[in-house]
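First the structure, in the form of structure tokens, and then the observations on it.
The values are calculated or read from the model by the stated rules, or taken from the named source; none is laboratory data. Worth saying up front: this structure is predicted, and the values here are computed from it rather than measured. Quick reminder, even Gly has a Cβ in these numbers, built from the backbone with ideal geometry, and neighbours come from all protein chains shown. Ligands, DNA and RNA are excluded from the accessible area calculation, which covers all protein heavy atoms including side chains. Shrake-Rupley method; radii C 1.70, N 1.55, O 1.52, S 1.80 Å.
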Amino acid sequence: MNIDIPEGKNPIEYVWGEMVPGIGVAASEFSLAVYAHTTLGLREFEAARLRIAQINGCAFCLDWRTERDGQKVEEEFAEAVARWRTTDAFDDRTRLAAEYAERYTLDHDGLDDAFWTRMTAHYSQLQIVELTMSIGSWLAFGRLNRVLGLDTVCVLPGH
């Protein structure tokens, strides 16, 4: 880890809750809200989330699978996300979610009119904003945990 954790402290709770409580607690609540209040389908949600995890290299995020109503994406889904351009496992919305996550992370200035035409053909304005906020959360907090070396000790509350 790149942060000193006092003996006997949970690293995630310490960094996110005790070190900077005015920021960390709010960030944690935002991160959890993405899961609790999403209106996006599980496959598109996971395609974007996993693409960010693949780019960030966050060990926890790569292993995590969002569960909704007892359902998770299939085991091979992560590999399909890595091949989002060519996989036949995705519908247009799922492919766009993975593409958006990648382009948002690596080339946000390259999101051109052609991309937005495709996005607005498949997602409502509300869904685009929700997906954008979710991607921002995963990018920021997955990268934070990875950079600080917390990604190998990360556990979401209640899991």
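Numerical summary
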item: R43 open to solvent by 30 Å² or more (accessible area, probe 1.4 Å), part of a helix (DSSP H, G or I), of a type outside the set (F, W, Y) and over 27 Å from P11 (Cα atoms); result: yes
item: Qualifying residue in region 71-80 (condition: within 14 Å of the chain's Cα centre (by Cα), in a helix (DSSP H, G or I) and within 30 Å of N2 (Cβ to Cβ)); result: yes
item: Residues being basic (K, R) and under 17 Å from A59 (Cα atoms) - total across region 110-159; result: 2
item: Number of positions in region 126-156 that are of a type in the set (G, A, S) and either open to solvent by 20 Å² or more (accessible area, probe 1.4 Å) or without any contact (Cβ under 8 Å) to a residue 40 or more places away in the chain (or both); result: 2
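Yes/no matrix, rows are residues, columns are (1) in contact with a Lys or Arg (Cβ under 7 Å, 6 or more places away or on another chain); (2) modelled with pLDDT under 95; (3) loosely packed, with under 13 Cβ neighbours inside 10 Å:
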position: S31; (1), (2), (3): no, yes, no
position: T39; (1), (2), (3): no, no, yes
position: I52; (1), (2), (3): no, no, no
position: W64; (1), (2), (3): no, yes, no
position: V81; (1), (2), (3): yes, no, no
position: R85; (1), (2), (3): no, no, yes
position: R93; (1), (2), (3): no, no, no
